[in-house]
Amino acid sequence: MDMNAYLSMFIDESNDHLQALNENLLKLENDPGDISIVQVIFRSAHTLKGMSATMGFEDLASLTHEMENVLDLVRNSKLAMDSFIFDTLFKGLDALEAMVQDIVGGGTGKADVSSIVVSLQSIVKGDYLKAAQPSADAPAQNSGSSGTSGGALLDIFQQSVLKQSIESGNQAYYIKVTLREDCVLKAARAYMVFDVLESNGEVIKSEPSVQDLEQEKFDRSFIVFLISGTDAEELKSRIESVSEVDSADVVLLDAESLQMYGPVPDNQQKPAASQAAPAVQAREAAVRETSAAKSQTAATGAAVANRTIRVDIDRLDSLMNLFSELLIDRVRLEQLSSEIKRSDLIETVEHMARVSTDLQDIVLKLRMVPVESVFNRFPRMVRDIAKQLDKKIDLVVTGAETELDRTVIDEIGDPLVHLLRNSLDHGVEMPADRLAAGKPETGTVHLRAFHSGNHVFIEVEDDGNGIDAAKVRRIAVKNGVLSEEEANKLSEEQAQMLIFAAGFSTADKISDLSGRGVGLDVVKSKITSLGGHVTIRSQLGKGTIFSIQLPLTLSIISAMLIQMGSEKYAIPLSSIVETGIIQRDSIATVHGNQMIEFRGTVIPVVSLSRVLDVPDYREDAETETEIVVIRKNDKLAALMIDSFIGQSEIVLKPLGKYLPAIKALSGATILGDGQVALIIDPNAFIK
């Protein structure tokens, strides 16, 4: 079987399962007792393991198998989740994602995950089996249990496993391993010993824990309880063959000697187990009931799920290009029918126009993807950063179902990551500072998306300390960005926008995560390149809102067609504020720049014919001129043009790599009469 044919499907489905694992682990962290979530997580891990094994990605399959073992204990109520287990599972997910990305890049998907595997195995083999320990409802432990003066080495579950193994004819060992005094890499030697033990049996418990051994939190010796079919002398020989191991004491255990290492004498274990059984049975019954309900729901939704297919984005691009040609021909037919004026032709063309308009809506919707595909990565990121910063932060996501063009979706992720990191790192204060300011200890960051007209707005809002406009002005003057006089004339909003200048930062100390302003110029550049813009609303002591405005799609846009001499141009409607006519003698010259008065303010005027070097065009031929007022963020400018042609839906075509980059142009389109019209980039005219 040629597995390469299934590689694309494997990558897509693996990413879906990894995203589901991340989301559901976050849910479980908020409600660790919800077994139904564990069932969902287990199924995702089990499916991912099977897919990886089938495709031959052994490292992926083996790591997922170790994670599955932990989840199996949890779903069967034999293990209670704690912070260490959550952190270990999240580390495992990070490693799985890295391996999948390696496969995407043409790699083999191999990685050294031995440390994560050891941690997962230590969880499975007893170091963190807290749920199995006696609860408040179980009989109290006998504090006078013989043979234990410094506390029990084994809990009830571990002791029971060893006892059952002995009764089944297996051998249980107490092993004390001592390293040489001059041993340098103690953790590495301990790992090598565990490697030997794992190949000869099953480790039930280690003291200190595997985590402590990994971090070298022990002196020279450690204790291991092992179930094995190998005799004591052979075990001793194999352990002592490990470099820098001084000695290995191997003691064979029986049912009587086992009692001295456990918390409860043998005659008290059975009542405890019998009393615990009804609770375990009840939990298992609840799990079975939940699983049955979910199976029924899955069966009901199977018909709907089977109606969904995956489509390669290249095919959608091809479909869009073909439709673009159809749109151009439609406009051409409309023009010809208006000239020929035959009723049957006009009727046919009108019907074609209606059908192609519906087709346009479908084609555009095929390319539309919910922003959820980008937003999904952020809850995990916020969790990790909050732990790293020792802050308490809630992320509230709304409008994740809002749709954007796939092209925009692919580009918007990194800017949002940077804005969120700024809010987490420098926006939201430390818990103590928030309490001192009369705020809740837990900060809140809102990530929202919503439609407005032909645009999508994405906002990142925090209830942190806000941006100090006065401080921004001082830094701007200090760095030579503005003179003190110019800085004092800036409004609050204008001063806050200065943080988008390259290398500008208001942070007193730049962290590894982000510095408010450092890199924000890149964010702004990326948003601008997508045909959008970003604004700031901030109130000192209250919080900050970053608002990003983006076009719904980059492929087909509404534009105003204009005439300049013998040439035609298109200006995107999204950038046009107003059109009008002005008298040429109303244009004033200020410091060498042409300006006009527009609705109570003064804005610059740009001669489009001069910028584009339009041939056979004379500006002074008329006493008045048409203008198009354009906007970039909160700034306005007027473009002087020859005449208006009208509004039209145009297909955006790139200029291609053979043409040099022309600052004032963003692309081209083909009109209905076959002419090429260049598309004006309004952002290039406003600094």
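Descriptive notes on the structure:
- Any chance Leu435 is more than 22 Å from Asp521 (Cβ to Cβ), more than 16 Å from the chain's Cα centre (by Cα) and part of a helix (DSSP H, G or I): yes
- Enumeration of residues in the range 311-343 that are acidic (Asp, Glu) and assigned to a helix (DSSP H, G or I): Asp314, Asp317, Glu325, Asp329, Glu334, Glu339
- Test: Ala188 is closer than 26 Å to Ala61 by Cα and either surrounded by fewer than 17 Cβ atoms within 10 Å (Cβ to Cβ) or modelled with pLDDT of 85 or more (or both): yes
- Qualifying residue in the range 386-402 (condition: among the β-branched types (Val, Ile, Thr), outside the structural domain of Phe90 (by TED's automatic domain parsing) and surrounded by fewer than 16 Cβ atoms within 10 Å (Cβ to Cβ)): yes
- In the range 462-486, of all residues being without any contact (Cβ under 8 Å) to a residue 40 or more places away in the chain and not in a helix (DSSP H, G or I), the one that is surrounded by the fewest Cβ atoms within 10 Å (Cβ to Cβ) corresponds to Gly480.
- Restricted to strands (runs of 3 or more DSSP E) entirely inside the range 613-663, those with at least 1 residues that are farther than 30 Å from Gln494 by Cβ and at pLDDT 80 or above are 624-632, 643-651.
- Test: Lys236 is out of contact with any His (no Cβ under 9 Å at 6 or more places or on another chain), touching a residue at least 12 places away in the same chain (Cβ under 8 Å), among the basic types (Lys, Arg) and assigned by TED's automatic domain parsing to the domain that holds Leu258: yes
- Residue pairs whose Cβ atoms lie under 7 Å apart, sitting 6 or more positions apart in sequence or on different chains, and linking a residue in the range 68-81 that is touching a residue at least 60 places away in the same chain (Cβ under 8 Å) to a partner that is part of a loop (DSSP other than H, G, I, E, B) and not basic (Lys, Arg), are Ser77/Ala131; Lys78/Leu129; Lys78/Ala131; Lys78/Ala132.
- Among the candidates Leu364, Leu420, Leu424, residue that is modelled with pLDDT under 85, part of a helix (DSSP H, G or I) and either crowded, with 17+ Cβ neighbours inside 10 Å or touching a Cys at 6+ places or on another chain (Cβ under 6 Å) (or both): Leu364
- Remark: Ser221 matches the filter, which requires a residue to be under 20 Å from Leu154 (Cα atoms), within 48 Å of the chain's Cα centre (by Cα), hydroxyl-bearing (Ser, Thr, Tyr) and surrounded by fewer than 17 Cβ atoms within 10 Å (Cβ to Cβ).
- Test: residue in the range 499-520 that is at pLDDT 75 or above and loosely packed, with under 15 Cβ neighbours inside 10 Å: no
- Test set (1) farther than 14 Å from Val124 by Cβ; (2) buried (at least 16 other Cβ atoms within 10 Å of the Cβ); (3) touching a helix residue (DSSP H, G or I) at 6+ places or on another chain (Cβ under 8 Å) - Glu13 fails condition number: (2)
- Of the residues in the range 397-410, none is more than 28 Å from Leu366 (Cα to Cα) and touching a helix residue (DSSP H, G or I) at 6+ places or on another chain (Cβ under 8 Å).
- Condition met for Gly600 (out of contact with any strand residue (DSSP E or B) (no Cβ under 7 Å at 6 or more places or on another chain), in contact (Cβ under 8 Å) with a residue 60 or more places away in the chain and surrounded by fewer than 14 Cβ atoms within 10 Å (Cβ to Cβ)): no
- Considering the range 104-120, the residues that are among the hydroxyl-bearing types (Ser, Thr, Tyr) and within 23 Å of Leu71 (Cβ to Cβ) include one that is surrounded by the fewest Cβ atoms within 10 Å (Cβ to Cβ), namely Ser114.
- Among the conditions (1) loosely packed, with under 11 Cβ neighbours inside 10 Å; (2) of a type in the set (S, T, N, Q); (3) at pLDDT 85 or above, Gln594 misses just one, which is (1).
- Counting the residues of the range 405-432 that are out of contact with any strand residue (DSSP E or B) (no Cβ under 9 Å at 6 or more places or on another chain) and in contact (Cβ under 8 Å) with a residue 24 or more places away in the chain gives 10.
- Cross-chain or 6+ apart pairs with Cβ under 8 Å, the range 14-41 first and in the same structural domain as Ala80 (by TED's automatic domain parsing) and in contact (Cβ under 8 Å) with a residue 60 or more places away in the chain, then of a type in the set (Ser, Thr, Tyr) and in a helix (DSSP H, G or I): Ser14/Ser52; Leu21/Ser44; Ile35/Thr290; Ser36/Thr290; Gln39/Thr290; Gln39/Ser291
- When the residues of the range 521-549 are filtered to those that are modelled with pLDDT under 85 and either of a type in the set (S, T, N, Q) or touching a Gly at 6+ places or on another chain (Cβ under 7 Å) (or both), the one that is surrounded by the fewest Cβ atoms within 10 Å (Cβ to Cβ) is Ser529.
- Residue in the range 67-78 that is surrounded by fewer than 18 Cβ atoms within 10 Å (Cβ to Cβ), of a type outside the set (Asp, Glu) and part of a helix (DSSP H, G or I) present: yes
- Among residues of the range 580-605, those that are part of a strand (DSSP E or B) and under 17 Å from Ile686 (Cβ atoms), counted: 11
- Evaluating Gln171 against the criteria (1) modelled with pLDDT under 90; (2) closer than 26 Å to Ile85 by Cα; (3) not aromatic (Phe, Trp, Tyr) leaves one unmet condition, (2).
- Within the range 186-218, the set of residues being in contact (Cβ under 8 Å) with a residue 60 or more places away in the chain and farther than 22 Å from Leu154 by Cβ comprises Tyr191 only.
- Only residues that are within 25 Å of Lys439 (Cβ to Cβ) and either part of a helix (DSSP H, G or I) or out of contact with any Lys or Arg (no Cβ under 6 Å at 6 or more places or on another chain) (or both) were counted in the range 381-416, giving 18.
- Scanning the range 322-346 for residues that are surrounded by 13 or more Cβ atoms within 10 Å (Cβ to Cβ) and closer than 30 Å to Asp12 by Cα yields Phe323, Ser324.
The values are calculated or read from the model by the stated rules, or taken from the named source; none is laboratory data. Please read all numbers here as calculations on a predicted model, not as lab measurements. Counting neighbours? That spans all protein chains shown, and the Cβs are built from the backbone with ideal geometry, glycine included.
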